[in-house]
1. Between a first residue in the range 85-97 that is closer than 21 Å to residue 195 by Cβ and a second residue that is part of a loop (DSSP other than H, G, I, E, B) and modelled with pLDDT of 90 or more, which pairs have beta carbons less than 6 Å apart while being 6 or more apart in sequence or on different chains?
2. Please give the number of the condition residue 31 fails out of (1) modelled with pLDDT of 95 or more; (2) over 14 Å from the mean Cα position of the chain (by Cα); (3) assigned to a helix (DSSP H, G or I).
3. When you go through 124, 110, 128 one by one, which is the residue that is within 29 Å of residue 35 (Cα to Cα) and part of a helix (DSSP H, G or I)?
4. Among the candidates 201, 150, single out the residue that is modelled with pLDDT under 95 and part of a loop (DSSP other than H, G, I, E, B).
5. Please determine whether any residue of the range 197-207 is in contact with a helix residue (DSSP H, G or I) (Cβ under 6 Å, 6 or more places away or on another chain) and surrounded by 21 or more Cβ atoms within 10 Å (Cβ to Cβ).
6. Quickly run through the range 73-91 and pick out the residues that are farther than 16 Å from residue 158 by Cβ and surrounded by 24 or more Cβ atoms within 10 Å (Cβ to Cβ).
7. When you go through (1) crowded, with 20+ Cβ neighbours inside 10 Å; (2) under 19 Å from residue 159 (Cβ atoms) one by one for residue 61, which number turns out not to apply?
């Protein structure tokens with residue numbers, strides 16, 4: 001099989017596997033407290049990545065690279081996923097993943113604010129279209145209203161994911177396994193500490209479906225998807241690889257409707273389409289951002 005076909009297959013596999021992450025988080029949240037569940041996930045995933053570092057004989061980053069990897073972990077894993085887990089207590093995965101598709105657009109806007117990029121009229125149009133989509137989703141929720149708190153949690157997650165990408169651009173070159181291993185260790189420690197401060201119940205799952213969801217997000221969602229993402233990013237341009245942010249919500253919406261009975265409302269479908277179109281026009285059509293998000 002040609003390398004081109006392998007990359008396409010990897011992209012499709014990444015989309016399908018990452019698309020199930022949000023649904024698995026929803027199932028995990030039904031038994032585990034959200035911040036504790038996120039911390040447990042990344043603690044276990046960090047063990048796997050540290051073991052992979054040892055197999056690959058990768059050195060632990062030092063100096064500025066280590067500080068950058070720690071900051072990346074605070075934003076990418078503690079911040080972004082911490083907020084996303086909290087949001088998915090109140091909203092379905094399809095809606096949450098659709099809003100996460102704003103990450104490339106938010107990355108561009110933050111890069112402009114921090115003088116890493118320039119804002120074009122096309123990017124501004126895409127931003128406005130994305131906001132219109134969010135408004136349509138929020139104002140037309142279907143059977144149940146969307147809690148404002150959950151919406152703010154998802155938008156905070158988007159900003160954390162985006163700022164993590166901006167931080168990565170400034171780091172010295174790091175092997176992606178080492179970067180994510182350090183980041184996940186950092187994120188897990190912060191999330192577990194936050195869970196303690198919040199007084200969450202910290203127990204291992206008792207239900208089979210929770211164990212299945214946890215194993216999925218640890219092995220598939222945090223390691224396999226990441227490796228597929230790296231393979232695609234190494235063989236395609238960053239802008240082309242970024243399209244996964246647009247394709248993942250399509251899978252999540254279908255899986256969530258099937259497995260978690262998420263209603264396919266007019267607000268979600270039309271608003272989601274506007275969000276994805278805005279992201280395409282504003283951030284992806286012209287080859288931005290320069291690096292896609294690691295995984296959802």
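The values are calculated or read from the model by the stated rules, or taken from the named source; none is laboratory data. The structure presented is a predicted model; accordingly, all values stated were derived computationally and were not measured. Note that we place each Cβ from the backbone using ideal geometry, even for glycine, and neighbour counts take in every protein chain shown.
1. If the second residue must be part of a loop (DSSP other than H, G, I, E, B) and modelled with pLDDT of 90 or more, the pairs left are 96/88.
2. Failing condition for residue 31: (3).
3. Answer to the check: 110.
4. 201
5. no
6. Within the range 73-91, 73 is the sole residue that qualifies.
7. (2)
Quick grid of which residues meet (1) in a helix (DSSP H, G or I); (2) under 13 Å from the mean Cα position of the chain (by Cα):
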residue: 12; (1), (2): yes, no
residue: 27; (1), (2): yes, no
residue: 48; (1), (2): yes, no
residue: 51; (1), (2): yes, no
residue: 58; (1), (2): no, no
residue: 68; (1), (2): yes, no
residue: 81; (1), (2): yes, yes
residue: 91; (1), (2): no, no
